[in-house]
Amino acid sequence: MQYEAELLLINDEPQVIDAFQQLLRDEKFRLFYASNYEEALKIIQSNRIDIVLCNQNLPGMLGVDILRNCKKILPEAVRILMSDSPDLSVAISAINQGRIFYYLVKPWDDPQIVPLLKDALAYKREQDKKRLAYEFFRYYNGQLLNGLDKVALWEDDSIILINIAEILYLTAIDGHVKIITKKGAYNSQESLKAWHQRLEQHRFFRCHRSYIINLDYLERITPWFNGTYLVHLKDKKEKIPVSRKGIKELKQLLHI
């Protein structure tokens, strides 16, 4: 059988290990098992574990502490904690320290296990995709400093390349950056500061702490209040604020 994922079960109860072997007999999960942290560490170091499922009560180290260590050495793996009782303090500790995906209370229903593991694997793959995309974005968009004239952006589940000349402006809303182009709006996980560093040599100007505009689309500047201004861009109805500091720099830039 060709396996789709590797699962590490950390448990010192033979009946639990036997139960998982039976439950996963016809599934595409390769099962590893360990009875303590030392055994688990050896398995982690020599395999690409996708899911770690750990019992809370183990000799030598509690499950929540094992998962916290797993998070440090294997951050991409999805972590699930098993416990004999629904202890709220244990659950909170597991969530805060081990960043667990699920808190599984024993005894469980057998039909619950395989769907849970498949959900955990789907979650991991989605996180892997986002992480790889983010790394690609950082590398590719970083090439703007080397004269590249396109940026990589998300569109649904695809990465698209947009010519920077098509970008009208960028704005930061609630910590998220939105890039407005002629064709539509796109979200970015990178900061406005990072975008400013890449785009400022391409006739982009940070007119406000929350806005970067493409000077090639600047059409009009109008007074607003308390020494601030609004800029109007071609083909856009939105009026973008310019800070007091920004208007001084903009006037110098435009020789006004």
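GluC sites (Glu not before Pro), restricted to region 205-256: which are DSSP loop and have at most 13 other Cβ atoms within 10 Å? Before the final figure, lay out the partial values.
On the way: sites: Glu219, Glu238, Glu249; in loops: Glu238.
Sparse-neighbourhood loop GluC sites (Glu not before Pro): Glu238.
Three semi-axes describe the equivalent ellipsoid of the chain; taken as square roots of 5 times the Cα gyration tensor eigenvalues and ordered largest first, they are 52, 19, 15 Å.
Taking 0.36 nm per intervening residue step and subtracting the Cα-Cα distance, what contour gain separates Lys118 from Asp26 on full extension? Please report the intermediate quantities before stating the final value.
Numbers: separation 92, 0.36 × 92 = 33.12 nm, distance 1.33 nm.
My answer for the length gained is 31.8 nm.
Under 8 Å for C-alpha pairs, at least 6 residues apart: give me the relative contact order for the chain, rounded to a whole percent. Over the chain, the number comes to 9 percent.
Just want to confirm a number: the relative contact order over region 5-134, from Cα pairs under 8 angstrom separated by 6+ residues, in percent. Present the calculation step by step, with values, prior to reporting the outcome.
Working: 189 pairs, mean separation 29.4, N = 130.
Reported as a whole number, the value is 23 percent.
With both bridge residues required to lie in the chain, what share of the DSSP beta bridges run antiparallel, to the nearest 5%? Write out the running numbers ahead of the final one.
Values: 31 of 50 bridges.
The answer is about 60 percent antiparallel.
Within 14 Å, Cβ to Cβ, of Lys236, how many net charges do the neighbouring residues add up to if Lys/Arg are +1 and Asp/Glu are -1? Net charge around Lys236: +2.
Any read-out appearing in this document is the output of simple, stated calculations on the displayed coordinates, not a laboratory observation. What you see is a predicted model; the values in this text were computed from it and never measured. Virtual Cβ from ideal backbone geometry, glycine too; neighbours counted across all protein chains shown.
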